[in-house]
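Engineer: First, the structure itself, so that you have it in front of you.
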Amino acid sequence: MRKALFTPVIALIALTVLVCAAGCGTGTSQASPVRFGGPQAGAALHAPPPDKRSLVQLPTHPIDFEEERRVGGAGEDTPIGVTTLHGRKSGFTGKVWVWAPPEYYERRNADKGFPVMVALPGSYGYPRNYWAGSRFELAEHLAQWSKDGTSLPFIVVMPVLNPNDKQYYDGSDIPGQPKIGTWLSQDVPDLVRQNFRTLKTRDAWAIMGSSSGGFAALKNVLQNPGTFKVAIANGPDIVPDSPLWKGHDREKRANNPEVLARRLIARGGPKVYVAFQDGSEEATVLPKVRKFIARYGHGPLRTRLQIVPGGTHSGETYVRGLGEGTMRWVSARMRGPLR
């Protein structure tokens, strides 16, 4: 970019136009656009539309994402992109990071739809989602597990969890507040369908989260079983505890996983799967998780608990647990890639 300062004016104008065009629709103003839909993302240039009986859902409105970083190792230098999503159904605007596994770009998979995992952070989860970063290397690990055959090759979607860093919103539509529940359960999946080759079945959709994000994952699979079949709940809260629920007891109850689990069991399904993960040192969380499993882990609600020896309430612990059995269990209950 420094060289452009010394080029003729017309060249500088042309460069500016190109940069603006590349960022169109991304919610960002920088270059390095990444597009996950279309021929450059592994889809055949003139591929016929899938058979009407096919489960494959092709991208409907792909946009350019800004490249955040590259995933090396088994990730084969694949990009993580980021965009600012203006939720049409929720009215909320927030950042979303996305990644597609190496298999997504292979020509042999050009007409296949892939499974999706929504990955939520803990704490306030704003203004970033730490699963997109290099600290825990979630994408790197998933790429390796897929290569080893212990995990499906997931598209990973990593939205912010809250609209600010002041309050927890419990991944819910709290009256008078931004509709985070609708954003996570509808707008974010819509963004995925618009940009990736996915599958038209709940069997290909999972949601994972840690701590407060683990609560949101647990709540979402129980509240929206038509969208998500599997949840991975890492060191989760079990009941809603945002102070913003004050004065809204009825709505708070409607977003309580214990209540949602009872209702799911009473109506007999649909069947959902929850993979709990906890470190052995999580003294305050683990008893609550065990109690939830003992009380509600039957009928259509199938559960599994991965206890990580010496583990704490941390991302390092939960990534370790994913590789020690959780991803194999989750993948065995999901579908994809399929044509």
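Engineer: Restricting to the range 253-266, name every residue that is in contact (Cβ under 8 Å) with a residue 40 or more places away in the chain and either over 21 Å from Gly226 (Cβ atoms) or of a type in the set (A, V, I, L, M) (or both).
Structural biologist: Those that are in contact (Cβ under 8 Å) with a residue 40 or more places away in the chain and either over 21 Å from Gly226 (Cβ atoms) or of a type in the set (A, V, I, L, M) (or both): Leu260, Ala261, Leu264.
Engineer: Looking at the structure I just gave you, is Gly269 assigned to a loop (DSSP other than H, G, I, E, B), of a type outside the set (A, V, I, L, M), surrounded by fewer than 21 Cβ atoms within 10 Å (Cβ to Cβ) and free of Cβ contacts under 8 Å to residues at least 40 places away in the same chain? It would help to see each step written out before you state the result.
Structural biologist: Details: assigned to a loop (DSSP other than H, G, I, E, B): yes; of a type outside the set (A, V, I, L, M): yes; surrounded by fewer than 21 Cβ atoms within 10 Å (Cβ to Cβ): yes; free of Cβ contacts under 8 Å to residues at least 40 places away in the same chain: no.
No.
Engineer: I'd like to check something: does the range 162-171 contain any residue that is crowded, with 21+ Cβ neighbours inside 10 Å, more than 15 Å from Glu103 (Cβ to Cβ) and among the charged types (D, E, K, R)?
Structural biologist: Step one: of the range 162-171, the residues crowded, with 21+ Cβ neighbours inside 10 Å are 162, 168-171.
Restricting the remaining residues to those that are more than 15 Å from Glu103 (Cβ to Cβ) gives 162, 168-171.
Of the ones still in play, those that are also among the charged types (D, E, K, R) are 170.
Yes, there is a match, as at least one residue in the range 162-171 is crowded, with 21+ Cβ neighbours inside 10 Å, more than 15 Å from Glu103 (Cβ to Cβ) and among the charged types (D, E, K, R).
Engineer: Tell me the residue from Gly27, Gly23 that is closer than 22 Å to Leu161 by Cβ, modelled with pLDDT under 95, surrounded by 13 or more Cβ atoms within 10 Å (Cβ to Cβ) and outside the structural domain of Asn109 (by TED's automatic domain parsing), please.
Structural biologist: On the way: Gly23 fails: closer than 22 Å to Leu161 by Cβ.
On inspection, the qualifying residue turns out to be Gly27.
Engineer: Only one of (1) out of contact with any strand residue (DSSP E or B) (no Cβ under 8 Å at 6 or more places or on another chain); (2) within 30 Å of Phe196 (Cα to Cα) fails for Arg262. Which number is that?
Structural biologist: The one condition Arg262 does not meet is (2).
Engineer: Please identify the pairs in which a residue from the range 227-248 that is on the phi > 0 side of the Ramachandran plot and crowded, with 17+ Cβ neighbours inside 10 Å has its Cβ atom under 8 Å from the Cβ atom of a residue that is small (Gly, Ala, Ser) and part of a loop (DSSP other than H, G, I, E, B), counting only partners at least 6 apart or on another chain.
Structural biologist: Close Cβ pairs (under 8 Å, with a partner that is small (Gly, Ala, Ser) and part of a loop (DSSP other than H, G, I, E, B)) amount to Gly235/Gly122; Gly235/Ser211.
Engineer: Out of the helices (runs of 4 or more DSSP H) lying entirely within the range 163-265, which hold 2 or more residues that are polar (S, T, N, Q)?
Structural biologist: Result: 188-195, 212-223.
Engineer: Here is a follow-up. (1) closer than 19 Å to Arg339 by Cβ; (2) in contact (Cβ under 8 Å) with a residue 12 or more places away in the chain; (3) surrounded by fewer than 24 Cβ atoms within 10 Å (Cβ to Cβ): which one isn't true of Gly113, the others all being true?
Structural biologist: (3)
Engineer: Turning to a different aspect of this structure: Let me spell it out: the conditions are (1) surrounded by fewer than 22 Cβ atoms within 10 Å (Cβ to Cβ); (2) more than 19 Å from Thr198 (Cβ to Cβ), and Pro102 meets all of them except one. Which number is the exception?
Structural biologist: Status for Pro102: all satisfied but (2).
Engineer: Considering only residues that are over 27 Å from Asp148 (Cα atoms) and not charged (D, E, K, R), look in the range 59-77 and name the one that is surrounded by the most Cβ atoms within 10 Å (Cβ to Cβ).
Structural biologist: Checking each candidate, the answer is Phe65.
Engineer: Next up: Evaluate the range 276-290: report whether one residue or more is assigned by TED's automatic domain parsing to the domain that holds Gly122, touching a residue at least 40 places away in the same chain (Cβ under 8 Å) and basic (Lys, Arg). Talk me through it step by step, then tell me what you get.
Structural biologist: Applying the first criterion (assigned by TED's automatic domain parsing to the domain that holds Gly122) to the range 276-290 yields 276-290.
Next, from what is left, pick out any that are touching a residue at least 40 places away in the same chain (Cβ under 8 Å): 276-279, 282, 285, 288-289.
Narrowing further to those that are basic (Lys, Arg): 288.
There is at least one residue in the range 276-290 that is assigned by TED's automatic domain parsing to the domain that holds Gly122, touching a residue at least 40 places away in the same chain (Cβ under 8 Å) and basic (Lys, Arg).
The values are calculated or read from the model by the stated rules, or taken from the named source; none is laboratory data. On a predicted model such as this, the values are computed, not experimentally measured, just so you know. Neighbour counts are summed over all protein chains in view; Cβ atoms, including those assigned to glycine, are modelled from backbone coordinates with ideal geometry.
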